[in-house]
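The values are calculated or read from the model by the stated rules, or taken from the named source; none is laboratory data. Nothing here was measured: the structure is a model prediction, and the numbers come from that model. In this analysis, Cβ positions are derived from the backbone assuming ideal geometry, glycine residues included, and neighbour counts consider all displayed protein chains. Only protein heavy atoms, including side chains, enter the accessible area calculation; ligands, DNA and RNA are left aside. Shrake-Rupley method; radii C 1.70, N 1.55, O 1.52, S 1.80 Å.
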Amino acid sequence: MRLDKFLCDCNLGTRSQIKKDIKAGLVTVNAHAVRRPEQHIDEKADKVYYKGQFCSYEPYVYYMLHKPAGIVSATEDQHDQTVLDLFGEDRRNDLFPVGRLDKDTEGLLLITNDGVLAHELLSPSKHVEKEYECHLEKPFDEKQKVLLEQGVDIGEKSLTKPAVVRILEDNKITLTITEGKFHQVKRMLHTVGNEVTYLKRIRMGTLTLDSELPRGSYRRLTEEEKERLGENK
Ligand code: URA
C-alpha cells in the first residue's frame, strides 16, 4: 500500500496535507525518513511513525454508536450534525453508518468501513432483524398486535413482513422487523391507528445496544460482537 494512503486510512489528515508532511520529512518507516508519498510499505510489518507517533493500521473498524435524537445518519450534511461528527480523533475518512435512523430516532447504529458486512446486514434477502422500543400516543391493544404480526399495508408493493411484538406497558412495546423501508416503524403503527412518540433501536441482528453506553457515545465492538456479526457475511 502507498504510504500516503496508509496514513490517510489511519485518519491522520487529508491526502494533500499528508503528502506535504511526508515531503517535509515528518514520517519515518523503519526508522528512516521517507519523503516519497507514493512509496509502498507493508502495512503489516513496517513500523511507521508520523510526527513521532506510531501508526497502527487496521483495515476494518467497527463501532457501536448510541445515536441521540437531533442528528442525521449520514456521512455529511449541509445543515445538520451527522453521526460521524460525533467521532473525534477516531474519525477515519472511510467510515459510514450501516443503514439510517430518522433524525428523531435514537439508539443503535453500527459505524464501520466494511462495505461487505454493511451490504449483508442491509440486504433485504438476508432478513436481518431490527428491534425497536416504541413509545406510543395511545394504549396498544391485542388487535394492533395481531395486525402487525400478520403484516400491514403501509403503501408499498406488498404488506410488511410479519413483525414480532412484545408489549412492555400500556403505551410501550418492542417491535422487531426484518425490513428497512423509509419510516417503516412509524408507518406501521400509524396504519394500525396509533402514533410513535419516541423510537429507539435496541438491536440489529446479533448486535444489541450496550445499556452502559451513554447517548452520543460510541465504542469499538468486542471481538465476540464482531465474530457474531460476521456470521451474516
Ligand atoms: N422506522 C422508523 O420509522 N424510523 C426509524 O428511524 C427506523 C425505523
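Scanning the range 88-122 for residues that are within 16 Å of the ligand (Cβ to nearest atom) and of a type in the set (S, T, N, Q) yields a count of 1. Looking only at the range 93-149, which residues are without any contact (Cβ under 8 Å) to a residue 24 or more places away in the chain and either among the hydrophobic types (A, V, I, L, M, F, W, C) or farther than 26 Å from ASN171 by Cα (or both)? The answer is PHE96, GLY115, ALA118, HIS119, SER123, SER125, VAL146. For the range 116-150, taking the residues that are part of a helix (DSSP H, G or I) and open to solvent by less than 40 Å² (accessible area, probe 1.4 Å), the one that is nearest to GLY205 (Cα to Cα) is identified as LEU121.
Mind listing whichever residues of the range 200-225 are within 16 Å of the ligand (Cβ to nearest atom) and either without any contact (Cβ under 8 Å) to a residue 40 or more places away in the chain or of a type outside the set (A, V, I, L, M) (or both)? Let's see the steps before the verdict.
Filtering the range 200-225 down to residues within 16 Å of the ligand (Cβ to nearest atom) leaves 200-205, 207, 209, 215.
Across the range 200-225, the qualifying residues are LYS200, ARG201, ARG203, GLY205, ARG215.
Somewhere in the range 38-61, is a residue under 25 Å from GLY216 (Cβ atoms), aliphatic (A, V, I, L, M) and surrounded by 13 or more Cβ atoms within 10 Å (Cβ to Cβ)?
Let us first name the residues in the range 38-61 that are under 25 Å from GLY216 (Cβ atoms), namely 58, 60-61.
If we keep only those that are aliphatic (A, V, I, L, M) too, we end up with 61.
Narrowing the set further to residues that are surrounded by 13 or more Cβ atoms within 10 Å (Cβ to Cβ) leaves 61.
Yes, the range 38-61 contains at least one residue that is under 25 Å from GLY216 (Cβ atoms), aliphatic (A, V, I, L, M) and surrounded by 13 or more Cβ atoms within 10 Å (Cβ to Cβ).
From the list GLY230, GLY216, the lone residue that is in contact with a strand residue (DSSP E or B) (Cβ under 7 Å, 6 or more places away or on another chain) and more than 28 Å from SER158 (Cα to Cα) is GLY216. Anything in the range 151-198 that is closer than 17 Å to GLU133 by Cα, part of a loop (DSSP other than H, G, I, E, B), more than 13 Å from the ligand (Cβ to nearest atom) and among the charged types (D, E, K, R)? List them, or say none. The answer is ASP170, and nothing else. Contact annotation: residue pairs with Cβ atoms under 6 Å, 6 or more positions apart or on different chains, pairing a residue in the range 5-27 that is closer than 13 Å to LYS51 by Cα and free of Cβ contacts under 8 Å to residues at least 12 places away in the same chain with a partner that is among the small types (Gly, Ala, Ser) and open to solvent by less than 80 Å² (accessible area, probe 1.4 Å), are GLY25/ALA33.
A search for C-beta distances below 7 Å between a residue of the range 184-199 that is closer than 15 Å to GLU142 by Cα and any residue that is open to solvent by 10 Å² or more (accessible area, probe 1.4 Å) and part of a helix (DSSP H, G or I), counting only pairs 6+ apart in sequence or on different chains, returns VAL192/GLN144; VAL192/LEU147; GLY193/GLN144; ASN194/GLN144. Within the range 60-81, the set of residues being among the small types (Gly, Ala, Ser) and on the phi < 0 side of the Ramachandran plot comprises ALA69, SER73, ALA74. Among the residues making up the range 1-30, those that are open to solvent by 40 Å² or more (accessible area, probe 1.4 Å) and assigned to a helix (DSSP H, G or I) are LYS5, ARG15, SER16, GLN17, LYS19, LYS20, LYS23.
Could you list all residues from the range 75-91 that are in a loop (DSSP other than H, G, I, E, B) and surrounded by 16 or more Cβ atoms within 10 Å (Cβ to Cβ)?
Of all residues in the range 75-91, those in a loop (DSSP other than H, G, I, E, B) come to 75-81, 87-91.
Selection gives PHE87 alone.
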